[in-house]
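Just so it is clear, none of the values below were taken in a lab; they were calculated from the coordinates. What you see is a predicted model, and the numbers here were worked out from it, not measured in a lab. Virtual Cβ from ideal backbone geometry, glycine too; neighbours counted across all protein chains shown.
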Amino acid sequence: MSVRRLAPKEQQPASFAFSAENLAWAKKQIAQYPAGRQASAAIAILWRAQEQNGGWISEAAIRAVADLLDMPYIRMLEIATFYTMFQLQPVGRKAHIQVCGTTPCRLRGAEDILDVCKKRIHHEPFHLSKDGDFSWEEVECLGACVNAPMVLIWKDTYEDLTKENFGKVLDGFASGNPPKPGPQIDRQFSAPVGGPTTLNTRAGKGEGGRPASAQPALTDADAKKPTDSASRRESPTPKPPADDATRKGKT
Ligand code: FES
């Protein structure tokens, strides 16, 4: 993680004031905590300040939140600079793209997504595109690994990305019509691509009315061993019919 510093002075607005609606909301947050514990509302209120401030937190906003919570400025600065959810410099007006660069996303093509960001937005993270509409950064796992690779834009995730469909996501934000969040391929939530792969056959009825599975169950003895070759397929071996106890008595 890079060193997190406040934006340079020339980018800092002179002041920050909460809108009436956000101030009322912030006071409600503070009221949820016992007297003397109002600092517990710091993160929620900083987040609201960031939303009001176009997606980043200025020094003036940090001071305003500290004043509201009666906290020393240095404490609020510590919070804002520690948590990477707080952007310390201006971000794209239309979208700030957070690209997951952790292993599962890397293995599934995050490099391609980063390439698109570098080509379409800026070759360096945390820099605005020429028109000021977009910015990007690489972040750690965002918890949607099953649909890797993915990005977070504002509060929504866009998943199952390729160079092509990610380009369309950016086009959508550029034109003011962002696509539906979630998987960008034909998949429901994180269900298997192409439809269900299990429990998709109707089992018949076996002996005694018990459901009979299509094939015998896999036992520990059937399971693949670490020493087996990679090409060996794990499948249950057919079992001989159980011995008939009544026949034993007759012999
Ligand atoms: S590794 Fe990318 S979301 Fe988890």
The residue from Val139, Val151, Val169 that alone is of a type outside the set (Lys, Arg), touching a helix residue (DSSP H, G or I) at 6+ places or on another chain (Cβ under 7 Å) and within 22 Å of Pro183 (Cβ to Cβ) is Val151
By residue number, the members of the stretch 61-90 that are of a type in the set (Val, Ile, Thr) and within 25 Å of the chain's Cα centre (by Cα) are Ile79, Thr81, Thr84
For the stretch 134-154, pairs from a residue that is touching a residue at least 40 places away in the same chain (Cβ under 8 Å) and more than 23 Å from Lys94 (Cβ to Cβ) to a residue that is more than 8 Å from the ligand (Cβ to nearest atom) and outside any loop (DSSP other than H, G, I, E, B), with Cβ under 6 Å and 6 or more apart or across chains, are Asn147/Glu159; Asn147/Pro183
Scanning the stretch 107-132 residue by residue, the ones that are more than 10 Å from the ligand (Cβ to nearest atom) and either surrounded by 16 or more Cβ atoms within 10 Å (Cβ to Cβ) or not in a helix (DSSP H, G or I) (or both) total 18
- Query: Based on what the data block shows, is Glu137 touching a His at 6+ places or on another chain (Cβ under 9 Å) and within 16 Å of the ligand (Cβ to nearest atom)?
  - Reply: yes
Counted residues in the stretch 140-161 being surrounded by fewer than 18 Cβ atoms within 10 Å (Cβ to Cβ) and either under 12 Å from Arg106 (Cα atoms) or away from the ligand (no atom under 15 Å from the Cβ) (or both) come to 4
